[in-house]
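Accompanying notes for the structure given below.
The values are calculated or read from the model by the stated rules, or taken from the named source; none is laboratory data. Keep in mind that what you see is a predicted model, and the values were worked out from it rather than measured. Cβ: placed from backbone, ideal geometry, glycine included. Neighbour counts: every protein chain shown. With ligands, DNA and RNA removed, areas are computed over all heavy atoms of the protein, side chains included. Shrake-Rupley method; radii C 1.70, N 1.55, O 1.52, S 1.80 Å.
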Amino acid sequence: MPLGMLGKYERLDVLGHGVSGIVYLAKDTLLNKQVALKEVDVQAGDLPRFLEEARVMDRLRHPNIVRVNGVDRIDGKIVIDMEYIRGQNLQSILRKEGTLPLKTALTIAAQVLDALQFAHNQQTVHRDIKPANILINSDGDVKLVDFGLAEILSTNAYAGGAGTYAYMAPEDFAEEDRSDNQSDIWAVGVTLYEMLTGQRPFNVSKVKDPFAWKRVLETASSTPLNVYLINPDSELQACVSKSLSRDKRDRYRSASEFRDDLLHIASRQDLEEIVVREKPRLPDFSGEENETIPSFAPSEQKNGRHSPGGTVVVDLNADVQKEAGKKANIRGGKFAHLGRKVVQAKLQLDTEKLDFGPVRKGDVRSLKVQAKVVGIQGNTNGSVSCSANWIEAFPAHFDSSRQKITFTVDSERAFATGDFRETARIKTDAGMVELPVSLTVLKARPRFAQIGIWFIPLFVCTLLPIAAVAMGGNQILSAQSAMLVPSAAASSGLLSLMLLLISIASDIGMGERAACGFISIVMCTVLGASLGSQTHITHERAVQHALMTGGIFGMLILLQSMYFRRWKMWAAALVLASIFIAFTFLHSIQGI
C-alpha cells in the first residue's frame with residue numbers, strides 16, 4: 001500500500017536506501033507521473049553547499065545522466081525529484097551474472113565515460129562512480145545517478161576525496177590532494193575491471209578500513225587481467241592498466257580519450273570474447289556503505305526455463321550455490337538469503353495472462369495475481385516490471401514467498417483506442433515469468449455538455465403526458481379527469497424506459513441513464529397510488545384506459561428492442577409519441 005504523502009508526492013514504494021537518505025518510487029500527483037524521490041539527510045551546515053551542488057546537477061542534461069526534475073524542502077526534509085528509470089543497477093547485474101560479455105562491458109563503460117566527459121566540461125566531478133550508481137534501463141542504456149553528492153554527504157569520505165573506498169583513487173586518500181576528473185577515470189577503470197573478471201583489481205582484508213586501502217594503493221599494482229582471464233586482448237589490458245595508473249598524470253587525460261579507446265576495441269572485427277580462467281566469486285559488498293538503488297525491472301533469467309501454467313523452474317549451478325552459501329554463512333546480514341538451500345525452485349502464478357477486457361478511455365481497472373515461490377526456504381527477493389506506462393504493479397518489490405500483486409491499467413495513458421498487447425514480468429530468486437497483458441480501449445463516453453442539446457428535450461418529452469393531466473386537472477377538478485392520471489403515469493414511465501434504451505444505444509453516461517430509470521420508478525409509484533385512490537365507479541375505467549395506453553407503448557418498446565441501434569430514429573419516435581399522447585389527454589380533459 002502507498003507510504004503516504006510528502007507534499008505533492010505520493011510515496012508508493014521504497015526503491016533503496018543508504019547513509020545519505022532513502023529513495024522512493026513516488027507519484028507526482030500534479031503531473032500524474034512516476035518519479036524517483038530521494039529524501040536526503042543533509043546537516044544544517046551542509047545545506048548551502050548541497051543547494052549549490054543541486055543547481056549544478058540541474059544543469060547536467062545528458063542522455064546518460066539521470067535527469068533531476070527539481071529539488072525542494074518539504075516538511076523540513078530535502079527531497080530530490082529524479083527521473084524514474086525502469087532497469088537495474090550494475091551492482092545487481094554483477095551480483096547475478098558474475099561477469100559480462102566483453103562488448104557489453106565496453107559499451108557500458110563507454111556510456112559512463114561519455115556522461116563523465118559532459119560533466120567534466122561543466123566543471124563537475126562525480127566523485128562516487130561505482131556499479132551501484134550506474135543504472136541500466138530496459139533498452140541497455142546507461143544512466144548515472146548521484147552526481148556530486150558523495151563529497152557533500154561524506155559517503156565513506158576520507159582525507160582529500162569522497163566516495164566508496166574500493167573505487168577511490170590513490171590521491172583520494174591523500175590529505176594534500178582532492179578528487180578531480182582523474183579520480184572518476186580511475187573509478188571507471190575499477191568498474192570495467194570488475195565487469196570483465198568478476199573481481200576487483202585491489203583487495204584488502206578489512207574493507208571498512210581506509211588505511212588498509214591507502215596502504216594497498218600506495219604499495220601494490222593492480223592485478224593483471226591475465227590472472228583472471230585466459231589470453232586477454234593486449235590492447236584491452238593496456239587500456240585498463242592506463243586507467244589504473246597510480247600516478248594520475250599517467251592516466252587518461254580525459255574521459256573522452258578513454259571512451260574512444262574502448263569504442264575502438266569494441267569495433268574491431270578480430271576481437272575475441274573473454275574467457276574467465278576460474279569461476280568468479282560473487283562481488284563482496286557486505287563491508288561497504290553503498291548507496292543502494294535496487295533493480296527497477298528484471299533482466300532475462302539465463303538459467304530459467306518456462307513451463308506450462310505460468311511456472312519457471314530454475315536449476316541453480318551447484319558451485320554457485322556452494323560459494324554463495326559459504327559467503328552467506330560467513331557474512332550473514334544483508335545477503336544471507338544467498339546461502340539457503342534451493343532445490344528445483346519454482347515461481348508459480350495463479351493465472352497465465354492478464355486480460356483486462358474492454359475499458360473506457362479514462363477509466364481504470366485492476367486485477368490481482370497471486371505469486372508463490374516454492375523450493376526456497378525463507379523469504380525471496382522479487383520485483384515486478386511492466387513494458388508499458390499504462391500498466392502499474394503494486395508492490396513493485398517484495399520479499400515474501402507468497403505475494404498478491406495488483407496490476408492496474410489506466411486507459412487514459414494509452415495513446416489511442418483499440419487493442420493493446422504488452423507484457424508484465426515478475427522476477428524472483430526462483431526465476432522470471434512473463435505475463436501477457438491485453439487491453440481493449442474503447443472511446444470515452446461523451447460528456448453531458450456534448451449530449452445535453454438532444455438529451456434534455458427528450459427528457460422533457462417523457463414528462464409531457466403526466467404534465468398535461470396535471471395542468472388540465474388544476475383547471476377542471478373532477479373525478480373524470482383524475483381517471484386519466486394512471487394512464488398519464490404509465491405513458492411517462494414507458495417513455496422514460498424508451499429514453500433509457502436510447503441512452504444505452506447511444507452510449508452516454510451512467511448519470512443520464514440513472515435519471516431515466518428514476519423517472520420510470522416514480523411513474524410506477526404514481527400509477528399505483530392513483531389506481532388505489534380511484535372510486536368504485538371510475539376504477540374499472542381507469543384500469544382499462546391505463547392497460548390500453550400501456551399496451552400501445554409496450555408494442556413500441558418491443559419494436560425498439562428489435563432495432564436497438566437505430567436510436568436516432570427512436571428519439572424522433574419518442575418526441576412524436578409524447579406530443580401526441582399529451583394532446584390526447586388535454587383534449588379528453590377539455591371534453592369532460
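One table, with the values for the structure above:
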{"quantity": "FRET efficiency estimate (nearest 0.05) - Cβ-Cβ, Glu97 to Thr29, R0 35 angstrom", "calculated": "0.40"}
{"quantity": "Cβ-placed point charges (K, R +1; D, E -1), dipole of segment 50-97 about Cα centre in debye, nearest 20", "calculated": "200 debye"}
{"quantity": "Kirkwood estimate for segment 56-109, i.e. one over the average of 1/r between Cα atoms, Å", "calculated": "13.9 Å"}
{"quantity": "Protein-only accessible surface order, largest first, of Trp454, Trp570 at 1.4 Å", "calculated": "Trp454, Trp570"}
{"quantity": "Rough spin-label spacing in nm, given labels placed 7 Å along Cα→Cβ, for Ile521 and Arg59", "calculated": "6.6 nm"}
{"quantity": "From phi via Karplus (6.51, -1.76, 1.60), per-residue ³J(HN,Hα) for segment 393-399 in Hz, x at Gly/Pro", "calculated": "10, 9, x, 6, 9, 8, 10"}
{"quantity": "Distance in nm between pseudo-label sites at Val276 and Ala573 (7 Å out along the Cβ direction from Cα)", "calculated": "7.6 nm"}
{"quantity": "Among 67-77, 502-512, 558-568, the order from most to least packed when residues are scored by Cβ within 10 Å on average", "calculated": "502-512, 67-77, 558-568"}
{"quantity": "Out-of-range pairs (alpha-carbon distance over 31 Å; input Lys214/Lys242; Lys8/Lys143; Lys38/Lys242; Lys33/Lys427; Lys77/Lys404; Lys130/Lys368)", "calculated": "Lys38/Lys242; Lys77/Lys404; Lys130/Lys368"}
{"quantity": "Per-residue ³J(HN,Hα) for segment 242-251, Karplus 6.51 cos²θ - 1.76 cosθ + 1.60, θ = phi - 60°, Hz, x for Gly and Pro", "calculated": "5, 5, 10, 5, 4, 7, 5, 6, 8, 7"}
{"quantity": "Stretch gain in nm, segment Leu531-Thr417, where the contour uses 0.36 nm per residue and the Cα spacing is subtracted", "calculated": "36.0 nm"}
{"quantity": "Simple label model, 7 Å out from Cα along Cβ direction - Lys353 to Tyr563, nm", "calculated": "3.9 nm"}
{"quantity": "Full-stretch length increase - Trp454, Asp141 - with 0.36 nm per residue and alpha-carbon distance subtracted", "calculated": "107.3 nm"}
{"quantity": "Cut-off under 5 Å, modelled amide H: who pairs with Val14 long-range", "calculated": "Leu25"}
{"quantity": "Efficiency of FRET from Cβ geometry, Lys368 and Asn389, R₀ 30 Å, rounded to 0.05", "calculated": "0.90"}
{"quantity": "Sequence-distant residues sharing a close amide H with Lys404 (under 5 Å, placed H)", "calculated": "Ala371"}
{"quantity": "Whole-Hz couplings from phi, Karplus 6.51/-1.76/1.60, listed for segment 69-77; x for Gly and Pro", "calculated": "7, x, 10, 8, 10, 10, 6, x, 10"}
{"quantity": "Distant-in-sequence amide H partners of Arg365 (H built 1.01 Å from N, under 5 Å)", "calculated": "Val409, Ser411"}
